[in-house]
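J.: Let me begin by handing over the structure; questions about it come next.
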Amino acid sequence: MNASGFLVTGGTGSLGSRVATRLHNAGHEVRALSRSGRDGTVKGDLLTGEGLEQAMEGVDVIVHCASSPTKTRQTDVEGTDRLLQAPARQASRTSSSSPSSASTETRTTLTTG
């Protein structure tokens, strides 16, 4: 796959960090989503949706590795829903009302870990 960018949720966790490293070593541009926004990551929160749209700018593929043993429904179900909704919200803000841009396609690839 020749994608311009990957976003790895849970990119600082056990699974996500391994996935991000493998993608990076394969030559892909990778962003690791982290609640803390520590060095080398992009800040975003699946529980609130804060920062997701910005984190997805220029991303073609989302690899969803984030999970929580204590907030399973909020992270795994509602967080996944926020991930799926963010590209559509972003596209609706950036699309123009001119006839030449009447068809705006939003493509979301979701891979769960």
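Here, each number is a calculation from the coordinates, and none is a lab measurement. Since this is a predicted model, take the numbers as computed values, not measurements. Please note: Cβ atoms are built from the backbone with ideal geometry, for glycine as well, and neighbour counts cover all protein chains shown.
J.: What is the sum of charges around L7, taking Lys and Arg as +1, Asp and Glu as -1, for the other residues whose C-beta is under 12 Å from the C-beta of L7?
T.: Local charge sum for L7: -3.
J.: Distance from a point 7 Å along Cα→Cβ of Q74 to each backbone N in the stretch 35-50: keep the residues under 20 Å and list them by number.
T.: 35-38, 43-50
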